[in-house]
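Okay, structure first, notes after.
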Amino acid sequence: GQQLNQSPQSMFIQEGEDVSMNCTSSSIFNTWLWYKQDPGEGPVLLIALYKAGELTSNGRLTAQFGITRKDSFLNISASIPSDVGIYFCAGISSGSARQLTFGSGTQLTVLP
Amino acid sequence: DTAVSQTPKYLVTQMGNDKSIKCEQNLGHDTMYWYKQDSKKFLKIMFSYNNKELIINETVPNRFSPKSPDKAHLNLHINSLELGDSAVYFCASSLGQRANSPLHFGNGTRLTVT
């Protein structure tokens, strides 16, 4: 089946620093999504990308849909303590039944 | 509040028991899903229903049986629970199966089988 390689697996950063994480796939995706999961809650959509090369921002978050359609990255600028959580990339291929494949997640810890 | 809500939030039970998890969404979505999140936080789809019709059934033991009485509800029944079933189960919904209709997740049910 399709697999998404998400890196890094975990990050420890100082408050105020910028963060970057990415996902790569062995196959082409038509849609890339970035979710954040807080402890004890379900993933919440942060950014959705629908076109190759698309660059989209949501506040301090910026994500890009790679030109090859096999990768995406998420940047967080000027991190704050509430950015702590697990960030997941997810991709939707052009196959039938619109299956969403998730990356393995990036655990972000922001140190004061 | 508009949301995907699932109950119970925590479920502790013994091996061999049968249990159910309920999910309801009031977002007006017509597609609902069950995902399993393991101890390593990996999210894997189990089932997907569109307008009460099963459209995705991943390789899941047949001890797991989803039931969708209407398009706002998707329940998950698990028979003969095993230790390996311990995980967090997430219900989700979306508006149709179009690529520009992202999933909205519930807050999860943490199942512990002892």
Delta accessible area of at least 20 Å² on complex formation, residues of the stretch B:73-114, 1.4 Å probe, chain isolated as reference
B:Phe90, B:Gln97, B:Ala99, B:Asn100, B:Pro102, B:Leu103, B:Phe105, B:Asn107
Could you state the accessible area per residue of the stretch B:58-114 in Å², with a 1.4 Å probe and every protein chain left in place?
43 Å²
For the stretch A:19-27, Karplus-derived ³J(HN,Hα) couplings (6.51, -1.76, 1.60; θ = phi - 60°; whole Hz; x for glycine and proline) come out as 10, 9, 9, 8, 9, 10, 10, 7, 10
Any chance you could look up the accessible area of B:Lys44 with a 1.4 Å probe, heavy atoms only, rounded to 10 Å²?
100 Å²
Can you tally the net charge around B:Met15? Count Lys and Arg as +1, Asp and Glu as -1, for every other residue whose Cβ sits under 15 Å from the Cβ of B:Met15.
-1
Order by accessible surface, 1.4 Å probe, largest leading, for residues A:Arg69, B:Arg110 comes to B:Arg110, A:Arg69
How much net charge surrounds A:Ala78 when only other residues with a Cβ under 12 Å from its Cβ are counted (Lys, Arg +1; Asp, Glu -1)?
-3
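May I have the convex hull volume per residue, in Å³, for the Cα set of the stretch A:51-110? Mind dumping the intermediate values first?
Working: hull volume 5.7 nm³, N = 60.
Normalising the Cα hull of the stretch A:51-110 by residue number yields 96 Å³.
For the stretch B:33-90, with all protein chains present and a 1.4 Å probe, just round the carbon and sulfur fraction of the accessible area to a whole percent.
Here it works out to 50 percent.
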Spatial extent of chain A: Rg and Dmax, with the Cα atoms as the point set, Å
13.5, 46
Starting from the Cα of B:His73, step 7 Å along the direction of its Cβ; do the same at B:Lys41; then give the gap between the two resulting points in nm.
3.4 nm
As computed over chain B, the Cα convex hull volume per residue (Å³):
96 Å³
If you take the C-alpha gyration tensor of the protein assembly as shown, multiply each eigenvalue by 5 and take the square root, what semi-axes do you get, largest first, in whole Å?
29, 21, 16
Fully extended, how many nm does the chain gain between A:Glu17 and A:Leu45 (0.36 nm per residue separation, minus their Cα-Cα distance)?
7.8 nm
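The values are calculated or read from the model by the stated rules, or taken from the named source; none is laboratory data. The structure presented is a predicted model; accordingly, all values stated were derived computationally and were not measured. Cβ: placed from backbone, ideal geometry, glycine included. Neighbour counts: every protein chain shown. All accessible areas refer to the heavy atoms of the entire protein, side chains included, with ligands and DNA or RNA removed. Shrake-Rupley method; radii C 1.70, N 1.55, O 1.52, S 1.80 Å.
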